[in-house]
Amino acid sequence: MSDPLLSVCQVFAGYTGRDVLRDLSLDVHKGAFVSVIGPNGHGKSTLLKCISGLLRTGSGSIRFSGDDVTGLAAPAMAALGLVHVPQGDMLFADMTVQENLMMGAYLTSDRAVVRRRLDEVHAILPRLADRRQQLARTLSGGERRMLAIGRGLMAGGRLTMFDEPSLGLAPVIIDQIYDVMTRLRESGRTIVLVEENAMRAARQSDRMYLLDNGSMAWQGNGEEFLARPEVIRSYLGG
């Protein structure tokens with residue numbers, strides 16, 4: 001097997017002197033769809049913040065594309081091709097859908113590349129094309145989440161991380177979000193998905209990591225997870 005695109009090794013990290021992540025290690029290979037699952041408040045979002053450079057690790061290391069990137073800040077990680085789509089929307093409310101999408105491509109100077117990415121986003125998220133001149137603040141909750149995803153995709157990147165993109169949405173919108181995730185998986189993109197809906201994530205995942213109190217409680221592929229009801233009951237209350 002080839003070397004991982006992303007490798008997190010024995011990481012400790014947290015806030016105000018309290019570790020949230022404890023001796024955490026995981027790998028993400030190119031083209032894989034990886035899900036990080038676990039109860040709320042057990043370190044999933046903190047992990048993404050460490051990887052993307054929004055939060056410094058206390059100890060341990062992070063390697064991206066073979067290089068040690070431990071301690072690099074978020075702008076440097078973005079320049080290396082790591083895209084982080086955080087929880088919620090975090091949109092520019094008084095900018096149009098199109099303007100918000102273009103903000104995702106701010107590191108790309110090649111206009112042809114930007115145009116191609118925009119066409120790809122419109123193909124995956126056609127509603128954004130229909131709403132391109134609409135202000136972001138006038139969108140529905142589901143449309144805003146789709147726009148946040150689309151803006152992340154406009155960055156291109158070699159690895160895209162989504163932090164609970166279905167959180168707080170109606171079931172019909174969650175179905176649409178997962179349709180998008182399926183298309184991204186089929187396109188060969190490298191994806192890390194943080195998700196509380198473990199059963200839904202398992203159907204997409206090449207690899208799953210279950211966090212419990214900031215430590216690795218279980219890892220395997222989606223089929224293995226679905227075949228382990230004791231894991232689901234013990235950690236997720238299913």
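Read-outs throughout are calculated quantities, based only on the coordinates presented, and are distinct from any laboratory measurement. Bear in mind the structure is a predicted one, so any value in this text is a computation, not a measurement. For neighbour counting, all protein chains shown are included, and Cβ atoms are generated from backbone atoms with ideal geometry for every residue, glycine included.
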Revision key, fill the gap. The answer for the net charge of residues other than P165 whose Cβ lies under 9 angstrom from its Cβ, with Lys and Arg +1 and Asp and Glu -1, is -2
Revision key, fill the gap. For the chain, longest principal axis from Cα atoms; helix 171-186 axis from its Cα atoms; angle between them, nearest 10 degrees, is 80
Point to revise | Tail fraction, Cα-Cα pairs, the chain, threshold 24 Å, whole percent | key: 44
**Study point:** Residue order, fewest to most beta carbons within 10 Å, for L193, L26, L147, L167
**Key:** L167, L26, L147, L193
**Study point:** Hz values of 3J(HN,Hα) by residue in the range 84-95 - Karplus curve (6.51, -1.76, 1.60), Gly and Pro given as x
**Key:** 10, 9, x, 4, x, 9, 6, 8, 8, 4, 9, 9
Study note, to complete from the structure: Dividing the mean separation of Cα pairs under 8 Å (6+ apart) by the residue count of the chain yields a relative contact order in percent of 27
Review point. Which FRET efficiency value, to the nearest 0.05, do you get for R56 and Q219 by plugging their Cβ-Cβ distance into 1/(1 + (r/R0)^6) with R0 = 22 Å?
Key: 0.30
Revision key, fill the gap. Zone reached by a paramagnetic label modelled 7 Å from A79 Cα along Cα→Cβ, restricted to the range 99-131 with backbone N below 17 Å, covers 105-110
**Study point:** Cα→Cβ-extended label distance, 7 Å offset, between T138 and L226, nm
**Key:** 4.2
Practice item. Select from H29, I173, L128 the residue farthest towards the positive end of the dipole of the chain; place +1 on Cβ of Lys and Arg, -1 on Cβ of Asp and Glu, and compute about the Cα centre. Key: L128
Exercise for review: Could you tell me which of L55, H84, P39 has its Cα farthest along the dipole of the range 1-123 towards the positive end, charges placed at Cβ (Lys, Arg +1; Asp, Glu -1), taken about the Cα centre?
Suggested key: P39
Check your understanding: Looking at the square roots a ≥ b ≥ c of the eigenvalues of the Cα gyration tensor of the range 132-212, which shape do they give, rounded for a/c under 1.5, prolate if a/b is larger than b/c, or oblate?
Key -> oblate
